Amino acid sequence: MVSERMLGLGTARSVIRELFEYGNQRKAEVGAENVFDFSLGNPSVPAPREVNEAIIRILQENPDGIHCYTSAPGDVGARQRFADSLNRRFGENYGPDEFYITVGAAAALCCVLNGLSCPGDEFIVFAPFFPEYKVFIEGAGAKMVMVPPEIEGFQIDFEAFEQRISAQTKGVIVNSPNNPSGVVYSRETLERLAAILEAKSAEYGHPIYLISDEPYREIAFSGVEVSWLPQIYQDTIVCYSFSKSLSLPGERLGYVLVPRTITEAEKVYPAVAGAGRSLGYVNAPSLFQQVTSLCCDLTSDIGIYEQNCNLLVRELRNMGYHVVQPGGAFYLFPRSLEADDLAFSERAKQYDLLLVPGSGFGAPGHFRISYCVPTETIERSLEKFRALAESYR
């Protein structure tokens, strides 16, 4: 016998992965250049050259020691460099003992959720949201509570939020810049969220933690501010990844920041570490602890994403698609041209456009475009988007 819950997770359909596999089959039939795959959020720009230079230098200087275990929270020198970077950028005073290095942001979230969760706890997410949040939350033994999307700007529907927050709420997850919408929460939105959380924490007599999922923090476009949440809401825990900023998704390196100023930090940090231990995360990859900490002030060429974004937004709007302007990341989340976004996605396949339906993100009637592809691919896809729109007229 096996765990029925885990069996269900292992056999559940992933629309994104199915689209990707369909795309591979279709490319074999008609040629890769004729299939416009906007399904996966895989960075399309290379890592900065300094990343490969750091890898070579580290391997040359420490060929025997670099592949050894580090301490479970991560190498103290790497954690100090992460702290120094945030201190320079945000005027903070973090130390290495506030960082727990993880196997990417997914592991960071799982460590936090498992470290915080007690029987009966709930975590609130705002649609549209990354679908794996549900898996992570339920895997920690808690319940996910979804706030429906505010579809005009993808900020937060505060009336719906206040209807769903309760004494069982242990935490709230925010993701800005957002996957799948690319929207950045305004400072006004975040300050209003913080005020509600402060009031409700006082009312319920326990802290409600704000968990900031930040894999796209550095991918922000011209004139867009990504607020540093610990300066807006005290009880903020940060989950970060270098997968997108340094174009290293396959190397799996991130961290949890548990500021010493949060409520019961002296318990939360070891609980996060204990969760990592129970999940079998012995330590994050040793080599890339060093590489990312030496390159943590760098980013890949994110200007390409902004160029792709502006091109798509302008052209799709001219064709009649409704598109909310992103502020970062590398996703668009337009409205589908019919209420059934699954049917819309299927029709798009007739034009060799692979578009992810929005229902899986908690926002039916929309679809996601991952525009982390060569600009030339977007340019050649425009006639397909136009033909798809014309098919509805």
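Hey, rough spin-label estimate for Asn24 and Leu382, points 7 angstrom out along Cα→Cβ, what's it come to in nanometres?
Inter-label distance under the simple model: 3.2 nm.
Please list, by residue number, everything in segment 357-375 whose backbone N is under 19 Å from a paramagnetic label point 7 Å out along Cα→Cβ of Arg314.
371-375
For a test of understanding, tell me how many lysine pairs in segment 65-294 have Cα atoms under 16 Å apart, given they are 8 or more places apart or on different chains. Intermediate results must be reported in sequence, preceding the final value.
Numbers: Lys134/Lys143; Lys134/Lys170; Lys143/Lys170; Lys170/Lys200; Lys170/Lys267.
Within segment 65-294, the lysine pair count is 5.
Calculate the spin-label point distance for Asn93 paired with Gln350, positioning each point 7 Å from the Cα along the beta-carbon direction, and give it in nanometres.
Computed distance between label sites Gln350 and Asn93 equals 6.5 nm.
How do Glu376, Glu122, Glu214 line up, fewest other C-beta atoms within 10 Å first?
Glu376, Glu122, Glu214
Considering the zone a paramagnetic label at Ser85 would reach in this model (a point 7 Å from Cα along the Cα-to-Cβ line), which residues of segment 261-296 have amide N under 13 Å from it?
288-296
Which ³J(HN,Hα) values in Hz, rounded to whole numbers, follow from the phi angles of segment 334-351 under the Karplus curve 6.51 cos²θ - 1.76 cosθ + 1.60, where θ = phi - 60° and Gly and Pro get x?
x, 6, 6, 7, 8, 4, 7, 5, 5, 5, 4, 4, 5, 5, 4, 5, 5, 9
In what order do His366, His322 fall by count of nearby beta-carbon atoms within 10 Å, going from fewest to most?
On the way: His366 27, His322 14.
Listing His366, His322 from fewest to most nearby Cβ atoms yields His322, His366.
Considering amide H positions built from the backbone, and no H for Pro or chain starts, which residues 5 or more places from Thr169, or on another chain, come under 5 Å of its amide H?
HN-HN under 5 Å from Thr169: Glu122.
Treating the angle as unsigned and between 0 and 90°, give the value, to the nearest 10°, between the Cα long axis of helix 303-319 and the longest Cα principal axis of the chain.
Approximately 40 degrees, to the nearest ten.
Ratio to report: Rg/Rh of segment 179-302, with Cα atoms as the point set and Rh obtained by the Kirkwood method; give two decimals. Please report the intermediate quantities before stating the final value.
Working: Rg = 16.2 Å, Rh = 16.3 Å.
That ratio is 0.99, to two decimals.
Apply the Kirkwood formula to segment 65-294: the hydrodynamic radius equals the inverse of the mean of 1/r over all pairs of different alpha-carbon atoms; give it in Å with one decimal.
On the way: mean 1/r = 0.0564 Å⁻¹.
For segment 65-294, inverting the mean 1/r across all distinct Cα pairs yields 17.7 Å.
Taking θ = phi - 60°, what integer Hz values does the Karplus form 6.51 cos²θ - 1.76 cosθ + 1.60 yield along segment 83-90, in sequence order, with x for Gly and Pro?
4, 4, 5, 5, 5, 5, 6, 10
Go ahead and estimate [θ] at 222 nm for the chain from helices alone: -39,500 (n - 2.57) per DSSP H run with n ≥ 4, summed, over the residue count, rounded to 500. Before the final figure, lay out each step's value.
Values: 13 runs with 163 residues, N = 393.
Taking each H run of at least 4 residues, the total per residue is -13000 deg cm²/dmol.
Hey, could you pull the Cα Rg and Dmax for the chain, both in Å?
21.2, 65
Dipole magnitude of the chain about its Cα centre, charges +1 at Lys/Arg Cβ and -1 at Asp/Glu Cβ only, in debye to the nearest 20? Spell out each step's value before the answer.
Numbers: 34 positive and 49 negative charges, 77 e Å.
I would put it at about 360 debye.
Expressed as an acute angle from 0 to 90° and rounded to the nearest 10, what is the orientation of the C-alpha long axis of helix 265-278 relative to the principal long axis of the chain?
The two axes meet at around 70 degrees.
Report, ordered by chain and residue number, the aspartates and glutamates lying within cross-link reach of Lys384, taken as a straight Cα distance under 19 Å and ignoring same-chain residues fewer than 8 apart.
Glu29, Glu33, Asp37, Glu315, Glu338, Asp341, Glu346, Asp352, Glu376
Can you list residues whose amide H is under 5 Å from Val145's amide H, if they're 5+ apart or on another chain and H is modeled 1.01 Å from N?
Phe123, Ile124, Val125
Here, each number is a calculation from the coordinates, and none is a lab measurement. Every value quoted in this text rests on a predicted model; they were computed, and no experiment measured them. Don't worry about glycine lacking a Cβ; one is built from the backbone with ideal geometry, like all the others, and counts go over all protein chains shown.
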